[in-house]
Amino acid sequence: AAIPMKVTINAFVPVAVIDLYIVGTFNNWTIPTDSTKMKLIETTPDGKIFTVQFFSPDVNKLQYKFAAGPSWDYEQVR
């Protein structure tokens, strides 16, 4: 059965990352834009922490990936 719920994703990334975006099943894999931009919550000497909250219609099927810019050119590769 589908489990709909609000999800919080936190990501720890290198200091060089200026902006972080998230795309996935929750938004039909739309291109990274301001609507998928994550919020910077902390900068440390080792990296930055970004966060985002969104509603997932089924957390069992949730898939996502990150992008370090507002287009597929910045897509996460690993």
- Query: From the list I22, I49, which residue is among the hydrophobic types (A, V, I, L, M, F, W, C), out of contact with any His (no Cβ under 8 Å at 6 or more places or on another chain) and closer than 16 Å to E75 by Cα?
  - Reply: I22
- Just checking, which of I41, I31 is β-branched (V, I, T) and assigned to a loop (DSSP other than H, G, I, E, B)? I31
- Message: Tell me yes or no: at least one residue of region 23-30 is of a type in the set (F, W, Y) and within 12 Å of the chain's Cα centre (by Cα).
- Response: yes
- Hey, can you tell me all the residues within region 38-57 that are modelled with pLDDT under 95 and surrounded by 15 or more Cβ atoms within 10 Å (Cβ to Cβ)? F54, S56
- Search region 58-75 for residues being open to solvent by 80 Å² or more (accessible area, probe 1.4 Å) and touching a strand residue (DSSP E or B) at 6+ places or on another chain (Cβ under 7 Å), and hand back the single one that is farthest from A16 (Cα to Cα). Q63
- Query: Restricting the search to region 1-28, which residues are in a strand (DSSP E or B) and out of contact with any helix residue (DSSP H, G or I) (no Cβ under 8 Å at 6 or more places or on another chain)?
  - Reply: K6, T8, I9, N10, A11, F12, V13, G24
- Looking only at region 6-21, which residues are farther than 12 Å from Y64 by Cβ and either among the β-branched types (V, I, T) or open to solvent by 60 Å² or more (accessible area, probe 1.4 Å) (or both)? K6, T8, N10, F12, V13, P14, V15, A16, V17, I18
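The values are calculated or read from the model by the stated rules, or taken from the named source; none is laboratory data. All figures in this text were calculated on a predicted structure; none of them were measured in a lab. Here the Cβ is made from the backbone with ideal geometry for all residues, glycine too, and neighbour counts use every protein chain on show. Each accessible area value is taken on the protein alone, full model and side chains, heavy atoms only, with ligands, DNA and RNA left out. Shrake-Rupley method; radii C 1.70, N 1.55, O 1.52, S 1.80 Å.
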